[in-house]
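Bear in mind these aren't lab numbers, they're just calculated from the coordinates by the rules spelled out. This one's a predicted model, so the numbers in the text were calculated from it and none came from an experiment. Reconstructed Cβ throughout: ideal geometry from the backbone, glycine too, with neighbour counts over all protein chains shown.
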Amino acid sequence: MKNILFFSVLLLIVFGCSEKPNKDSLNEDASWWKEAVIYQVYPRSFKDTDGDGIGDLKGIIEKLDYIKSLGVTMVWLNPIYSSPNADNGYDISDYRAIMKEFGSMDDFDLLLKGLHERDIKFVMDVVVNHSSNQHEWFKESRSSRDNPYRDYYHWWPAEKGTPPYRYSLFDAKGDAWKYDSITDAYYLHYFSEQQPDLKWENPTLRQEVYDFMKFWADKGVDGFRLDAFQFAAKDTTYPAFPDDLEENFIQYYAMQDGLHQYLKEMNEEVFSKYEVMSVSEGAGRNFKEAHELVDADRNELNMAYAFEGVDIAKPEGYSLSHFKEVFSRWDKEFAKEGWLSIFLANHDQARLVSRFGNDSPNFRAPSTKMLNTFILSMRGTPYCYYGDELGMTNIGFDSISQYQDIAAINGYEKVKTDGGDLEEYLINLKFASRDNGRTPMQWDSTIHAGFSSGTPWLPVNDNYKTINVASQNADPQSCLNHFRKMVQLRKDEPVLVYGQYELLIPEHEQVYAYTRELNGEKVLVMLNFSSEVATVEIPVKENLEELYINNYEQIFLKDRVLSMEPYQAFIYSLTK
Ligand code: NOJ
């Protein structure tokens, strides 16, 4: 028996019915989208109803009660528009139609209705830095130099010689200019050659985009997520960039002149006319630029998401002090103005627990719960990725032939061409590949995890027999039920949404501790990020009052010294 006292019973005494801050007393900037808990669904991998191995809208409809049971208030779906799927929907061929693999517009209307009936809002992904090369606009654009759509894309006539080098993130050669013999010219593609960049400098193109956004807003979507939008504005004189372009492309590509004009225009044309939330992928190159995107008086966006936090995890591990420093710095910068997005995983990342936690059998569950406690107790709108509520893990492919992701496959080709280390590339991919985070949702222990009756487009993780919704539903201590409790807690306690954040014991190597405080109400969040017991004195002067959540059954406390179990996470309210 451990020689530490089991104390939680005493500490659980609640001193009367503590008053919750009245929402009216919150800062006047309170907004529904700040209070939202967003659940991101990768439609291709959520639930397949027609047996083709690809998730569909009917499948999401079938699972609406599950989504509701999580307590989340908003769903973001990755692109569902018509697409040849070079990049799984991030290459759109028709902005007003539904991808045939996913279903029909009737399915979409039913899905939206089903969400709204359950008081869940919907975020539409808008991919307009580029379209698909199969979009009618591009087919027209490439057909002749004097086509009315020519100026919807960036072209460089070959008679001017080779265009100034541009780096492409997904191109097998890393070259963002693709020669097209039809008009003897090159077109620009920051992503793959199937994703030509749209020319935002053209006002007619911009109007087309606002028009289709209004088409979806009129249908009742509640938010827009702007894919890669920080890259949309370009200097169309295409000046030469320095040699470090590949390593520092964000420095040269992001936030170019014109971007704010386009966002203000989009805000005036679309956002301001509907009660929609707006978020852009990418938050500029520094805090000043992040504020310029999201501060309320800018009339541009509600929020943006930055990558500094999610980029911390590396195959060799990461340091907790770095993690604390990054999240505390971002919070501080946005404490007075602007609003953050909080996330540690999405469809461009590997699995939450495999990157930031510990996916070994003993620690997978507690570290998943600990990470979800973190995401749901920070200031900023939390984005939770499907399957992370269960602690789904990386699939860990060994061979390039197992990957489906264009970024992984073309990246491999590029390393080969550059004479790079392919073994090292594969090790990295095994840890960080996007396919790790895209394997089918694990619903139950039946064949293909209950995802599909056909062969899934990407294999189901072998661990589905033990990690799945059905088994976790039945277990009150499961990751899933911890996630639900944590979402509920955030919804019940405005201090977790709006409260001021203060980092405690920054030097502690295992424990991340912070308080959140609002209108006299204060909570203490304690997270052990390590696989060892962590000893730590209660880092506040107040007494612990009510235990709001704990991912273990006990709290070990003696003389104000806590012994935290591996990956233990709990939140206490503090006495006033
Ligand atoms: C960012 C998206 O999140 C990613 O999935 C996509 O591949 C690129 N943008 C290109 O659209």
Next item on the list: For the stretch 368-501, build the charge dipole from Cβ charges (+1 Lys, Arg; -1 Asp, Glu) around the Cα centre, then report which of 455, 501, 437 sits farthest towards its positive end.
Entry: 501
Checklist line | J(HN,Hα) series, the stretch 237-251, from Karplus relation 6.51 cos²θ - 1.76 cosθ + 1.60, nearest Hz, glycine and proline x | finding: 8, 6, x, 5, 10, x, 5, 7, 3, 4, 6, 10, 4, 4, 4
Next item on the list: Please sort by residue number the GluC sites (Glu not before Pro) in the stretch 467-576 whose DSSP state is loop and whose Cβ has at most 14 other Cβ atoms within 10 Å.
Entry: 507, 509, 532, 542, 553
Next item on the list: Could you work out how far the C-alpha centroid of the stretch 405-467 sits from that of the stretch 99-119, in angstrom?
Entry: 28 Å
Check: For the chain, what is the charge dipole size about the Cα centre, in debye to the nearest 20, if Lys and Arg each add +1 at the Cβ and Asp and Glu each add -1 at the Cβ?
Finding: 1160 debye
Margin query: Testing the spin-label approximation: label points 7 Å from Cα along Cα→Cβ at residue 273 and residue 261. State their distance in nm.
Written below: 2.1 nm
Notebook entry, point to check: If you plug each phi of the stretch 160-176 into the Karplus form 6.51 cos²θ - 1.76 cosθ + 1.60 with θ = phi - 60°, what whole-Hz ³J(HN,Hα) values come out, in order, with x for Gly and Pro?
Noted result: 7, x, 6, x, x, 3, 10, 8, 10, 5, 10, 7, 5, 10, x, 9, 8
Next item on the list: Per DSSP H run of n ≥ 4, the term is -39500 (n - 2.57); total these for the chain, divide by its residue number, and report the mean residue ellipticity at 222 nm rounded to 500 deg cm²/dmol.
Entry: -8000 deg cm²/dmol
Checklist line | Distance violations [Cα-Cα > 32 Å] among 173/430; 34/100; 369/558; 219/369; 47/264 | finding: 34/100; 219/369; 47/264
Next item on the list: Provide the descending list of Cα extents for the chain along its principal axes, expressed in whole angstroms.
Entry: 80, 51, 49
Check: Magnitude of the Cβ-charge dipole of the stretch 500-575, K/R +1 and D/E -1, about the Cα centre, nearest 20 debye?
Finding: 80 debye
Next item on the list: Report the one residue of 271, 154, 534 whose Cα lies farthest in the direction of the positive end of the charge dipole of the chain (charges on C-beta: Lys and Arg +1, Asp and Glu -1; origin at the Cα centre).
Entry: 534
Notebook entry, point to check: If amide H atoms are built 1.01 Å from N in the plane of the peptide, which residues on other chains or at least 5 residues away come under 5 Å of the amide H of residue 185?
Noted result: 158, 180
Margin query: Charges on Cβ only, +1 for Lys and Arg, -1 for Asp and Glu, centred on the Cα centroid of the chain; of 574, 217, 66, which one is farthest towards the dipole's positive end?
Written below: 574
Check: Label-point separation (nm) for residue 362 and residue 500, each offset 7 Å from Cα along Cα-to-Cβ?
Finding: 4.1 nm
Item checked: Selection of chymotrypsin sites (Phe, Trp or Tyr not before Pro), the stretch 209-297, meeting DSSP coil and at most 10 other Cβ within 10 Å -> none
Margin query: Quick one: 3J(HN,Hα) in Hz for the stretch 428-434, Karplus 6.51/-1.76/1.60 with θ = phi - 60°, rounded, Gly and Pro as x.
Written below: 4, 5, 4, 8, 10, 4, 5
Check: Beyond 23 Å, what percent of the Cα pairs of the stretch 474-576 remain?
Finding: 25 percent
Checklist line | Distance from the stretch 286-319 to the stretch 541-576 (C-alpha centre basis), Å | finding: 31 Å
Margin query: What do you get for trypsin sites (Lys or Arg not before Pro) in the stretch 146-178 restricted to DSSP loop and a cutoff of at most 16 other Cβ within 10 Å of the site's Cβ?
Written below: 173
Check: If you take the beta carbon distance between residue 240 and residue 532 as r and set R0 to 30 Å, what does 1/(1 + (r/R0)^6) give as a FRET efficiency, to the nearest 0.05?
Finding: 0.05
Note to self: Sequence gap at least 6, Cα distance under 8 Å: using those rules, report the relative contact order of the chain to the nearest whole percent.
What the structure shows: 15 percent
